[in-house]
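Engineer: One structure coming up, written as structure tokens, with questions to follow.
The values are calculated or read from the model by the stated rules, or taken from the named source; none is laboratory data. For clarity, every value in this text was computed on a predicted model and none was experimentally measured. Cβ placement follows ideal geometry from the backbone for every residue including glycine, while neighbour counts extend to all protein chains displayed. Heads up: the accessible areas ignore ligands, DNA and RNA and are worked out on the full protein's heavy atoms, side chains in. Shrake-Rupley method; radii C 1.70, N 1.55, O 1.52, S 1.80 Å.
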Amino acid sequence: AAAWMNTTYKTNYTAHNSLITCGGKFAIFAALEAYVQPGDEVLIISPYWVSYPAMARMFGDTPICVKTKEENNWQLAIEDIEKVTSKKTKIIIINNAANPTGVIYNTKILETLAKLCAEKNIILISDEVYSELTYEGQYTSLGSFPQNQNTIVIQSCSKHFAMTGWRVGFAFAQDRK
């Protein structure tokens, strides 16, 4: 899994940094379970995949949606993240390539988001299960940045390898410092 991720997305994971799960959805669930406590805030980039807020609420967290706008081609504005980030913010969830809009986030925006999370010690969950289904523009994995120590990249076999129904997913993360 790590070799595939490294070759495909210019990341630097080892087997030690890889977890095989029963689907991408469970990988997100497990990350939330591992890192949040009741009362924490989980920022979710919107529009988003329907399960994110419900999973955050399962752990007693407050989901806060950060909306993107169609007139900006659904690109994330970092200022919008900074406005709602607080001491309670533990996790930011981003879906890239996004479901349902199909947007591929700009590399500069992703790098700025990774830096922000590193500076504020916020876990960044990057749901990248649709990354292989991009046909225009350059795709950049959040796992490819040097400041990815707070990033958990989620992948899934169902989208990449047409294995729908098999429910095989991956979580990739560097050792936390």
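Engineer: Based on what the data block shows, is Thr107 of a type in the set (S, T, N, Q) and in contact with a helix residue (DSSP H, G or I) (Cβ under 7 Å, 6 or more places away or on another chain)?
Structural biologist: So Thr107 does not fit the description; no.
Engineer: Residues of the range 1-10 being in a loop (DSSP other than H, G, I, E, B) and within 16 Å of Ser156 (Cα to Cα), which ones?
Structural biologist: If the condition is that a residue be in a loop (DSSP other than H, G, I, E, B) and within 16 Å of Ser156 (Cα to Cα), then Ala1 is the only one that fits.
Residue-wise test of (1) open to solvent by less than 60 Å² (accessible area, probe 1.4 Å); (2) not aliphatic (A, V, I, L, M).
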{"site": "Thr8", "(1), (2)": "yes, yes"}
{"site": "Leu19", "(1), (2)": "no, no"}
{"site": "Gly23", "(1), (2)": "yes, yes"}
{"site": "Ala27", "(1), (2)": "yes, no"}
{"site": "Ala31", "(1), (2)": "yes, no"}
{"site": "Pro47", "(1), (2)": "yes, yes"}
{"site": "Val50", "(1), (2)": "no, no"}
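Engineer: Checking Thr164 against (1) open to solvent by 30 Å² or more (accessible area, probe 1.4 Å); (2) in contact (Cβ under 8 Å) with a residue 24 or more places away in the chain, which test does it fail?
Structural biologist: (2)
Engineer: Can you tell me which of Glu79, Glu41, Glu71 is more than 25 Å from Lys159 (Cα to Cα), touching a residue at least 40 places away in the same chain (Cβ under 8 Å) and not small (Gly, Ala, Ser)?
Structural biologist: Glu41
Engineer: Only one of Leu113, Leu142 is over 21 Å from Trp4 (Cα atoms), among the hydrophobic types (A, V, I, L, M, F, W, C) and either touching a strand residue (DSSP E or B) at 6+ places or on another chain (Cβ under 8 Å) or open to solvent by 30 Å² or more (accessible area, probe 1.4 Å) (or both). Can you tell me which?
Structural biologist: Leu113 is the lone residue from the list that is over 21 Å from Trp4 (Cα atoms), among the hydrophobic types (A, V, I, L, M, F, W, C) and either touching a strand residue (DSSP E or B) at 6+ places or on another chain (Cβ under 8 Å) or open to solvent by 30 Å² or more (accessible area, probe 1.4 Å) (or both).
Engineer: So which strands (runs of 3 or more DSSP E) are wholly in the range 61-150 and hold at least 1 residues that are small (Gly, Ala, Ser) and under 15 Å from the mean Cα position of the chain (by Cα)?
Structural biologist: So the answer is 123-127.
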